[in-house]
Amino acid sequence: MSKIRSYTFALSGMTCASCAVNIEKVVSKLVGVRVARIDFAGAKAFVQLDESVEPSVIKASIDQLGFK
């Protein structure tokens, strides 16, 4: 059983709540992601990952969506 690690990422570029929903959907589907919550008002992503997943994978997927 793998351990779970929690991360908080600052986000920029979101202009509406739909942006947050889109990011959350994409990140939630990544292998090893246990929880993904996007806070539009606070411009943050809260993610819980299996220890085998590097946080850079999350950053890369958010970057591919056009957000930082």
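Kindly evaluate SER56 against the criterion of being open to solvent by 30 Å² or more (accessible area, probe 1.4 Å) and more than 12 Å from the chain's Cα centre (by Cα). No: the conditions fail for SER56. A count restricted to segment 8-34 and to residues that are surrounded by 13 or more Cβ atoms within 10 Å (Cβ to Cβ) and under 23 Å from SER52 (Cβ atoms) stands at 10. None of ILE58, ILE23 is modelled with pLDDT of 95 or more and assigned to a helix (DSSP H, G or I) except ILE23. For segment 36-53, give me each residue that is part of a strand (DSSP E or B), surrounded by fewer than 17 Cβ atoms within 10 Å (Cβ to Cβ) and touching a Leu at 6+ places or on another chain (Cβ under 9 Å). The answer is ASP39, LYS44. Here PHE9 fits the description: part of a strand (DSSP E or B), modelled with pLDDT under 95 and not polar (S, T, N, Q).
Of all residue pairs spaced 6 or more apart or on separate chains, those with beta-carbon atoms under 8 Å, a first member in segment 43-62 that is more than 15 Å from ILE23 (Cα to Cα) and a second member that is at pLDDT below 95 and part of a helix (DSSP H, G or I) are LEU49/PRO55; LEU49/ILE58.
The values are calculated or read from the model by the stated rules, or taken from the named source; none is laboratory data. Predicted, not measured: the structure shown is a model, and the values here were computed from it. Backbone-built Cβ (ideal geometry, glycine too); neighbour counts: all protein chains shown. Heavy atoms of the whole protein, side chains included, go into the accessibility calculation; ligands, DNA and RNA do not. Shrake-Rupley method; radii C 1.70, N 1.55, O 1.52, S 1.80 Å.
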